[in-house]
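The values are calculated or read from the model by the stated rules, or taken from the named source; none is laboratory data. Because the structure is a prediction, the values reported are computed rather than measured. All Cβ positions, even for glycine, are placed from backbone atoms using ideal geometry, and neighbour counts span all protein chains on display.
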Amino acid sequence: MKTQSLRIVVFSAAMMLHATYCVGQSNVVFYGANTNALNVIFADKNLTQSSQANIVSDLQACLSEWGKTSELRLRNKGASAGYLDTPSRSPNYPKKIDFPENVVSNGTSGLALQIPKSLSDAYANAFAFAAANSNIVAAGYEFVRFISSSNFVSLSSNALPNYVLFKNKYSTAIAESNEIVRLASQIIKGLSYQTYYTPSVLGFYYSSEGPAATNLWLNVPCSTHPYGDTMEWSGYPVLWHNGKWKFCSWNEWVP
């Protein structure tokens, strides 16, 4: 496994709601292999400075690895002066949310990445969720940190059921746990094939899929190198189940 030292952005409630940010400091994200700077502006002019700072911090966490091959493309299309060309759909965001790409003229500041109100509203909801569920969110970031380390690769077979969930309507919990232990080396090898990165705060979402009517999932961004230097990106969902974050696989959830 190619381990990756995560640049953990801790989105605990305290840090999100009390981020220290200089008054008047401009919002900037960095993209591309040469860490090109791009200003950020918000369509919603009512956002507080701290809300803007938290969103920019999350945007940067997304771009830090996934955005290394991003490029700024200029164009003259109505109010749009260009767009941020990224290699693929953001692996940090859930499927129904798009990473911002529209670039507009920002007066004397040059060009800026525009954040639509729909996205800043989604962030507001995500920050509120994180504040109300700070322990679960912190556990999510800790889970990603652990599976990205060499400690996960060397995890004992008997400990693996704490990180992996099998669920089959025709088997018992004990049988499922025993199966994980029996296949531990294969499971760890398979899960270690990809490299995992810091999730976005938008990566936490509820779904009807899973062992309960409403399940909390976390979309974990990851990359693989299937063809030499070619990098492919995707989101790997993990499940909050019985007080722990787990990789999961199932054959028909128990109703």
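Observations
- Top-ranked residue of the stretch 208-230 - restricted to ones that are crowded, with 16+ Cβ neighbours inside 10 Å and free of Cβ contacts under 8 Å to residues at least 60 places away in the same chain, ranked as nearest to Asp98 (Cα to Cα): Trp217
- Among the residues of this structure, Arg89 counts as one that is part of a loop (DSSP other than H, G, I, E, B), modelled with pLDDT of 90 or more and surrounded by fewer than 18 Cβ atoms within 10 Å (Cβ to Cβ).
- Filter result for Met16 (modelled with pLDDT under 75 and either surrounded by fewer than 19 Cβ atoms within 10 Å (Cβ to Cβ) or more than 18 Å from Asp121 (Cα to Cα) (or both)): no
- Residue in the stretch 48-58 that is touching a Ser or Thr at 6+ places or on another chain (Cβ under 6 Å), surrounded by fewer than 19 Cβ atoms within 10 Å (Cβ to Cβ) and in the same structural domain as Gly107 (by TED's automatic domain parsing) present: no
- Qualifying residue in the stretch 68-84 (condition: in a helix (DSSP H, G or I) and outside the structural domain of Gly140 (by TED's automatic domain parsing)): yes
- For Leu59, the conditions (1) more than 22 Å from Pro199 (Cβ to Cβ); (2) modelled with pLDDT of 95 or more; (3) among the hydrophobic types (A, V, I, L, M, F, W, C) are fulfilled apart from (1).
- Positions within the stretch 227-255 being aromatic (Phe, Trp, Tyr) and modelled with pLDDT under 75, in sequence order: Trp250, Trp253
- Checked against the criterion of being over 16 Å from the mean Cα position of the chain (by Cα) and within 23 Å of Tyr197 (Cα to Cα), the stretch 102-111 has no qualifying residue.
- Filtered by the rule that a residue be closer than 16 Å to Asn54 by Cβ and surrounded by 15 or more Cβ atoms within 10 Å (Cβ to Cβ), the stretch 114-132 gives Ile115, Leu119, Ser120, Ala122, Tyr123, Ala124, Ala126, Phe127, Phe129, Ala130, Ala131.
- Any hit, the stretch 152-161, residues being surrounded by 19 or more Cβ atoms within 10 Å (Cβ to Cβ), within 22 Å of the chain's Cα centre (by Cα) and either more than 28 Å from Glu65 (Cα to Cα) or not assigned by TED's automatic domain parsing to the domain that holds Gly228 (or both): no
- Restricted to strands (runs of 3 or more DSSP E) entirely inside the stretch 122-228, those with at least 3 residues that are over 28 Å from Ala43 (Cβ atoms) are 164-168, 215-227.
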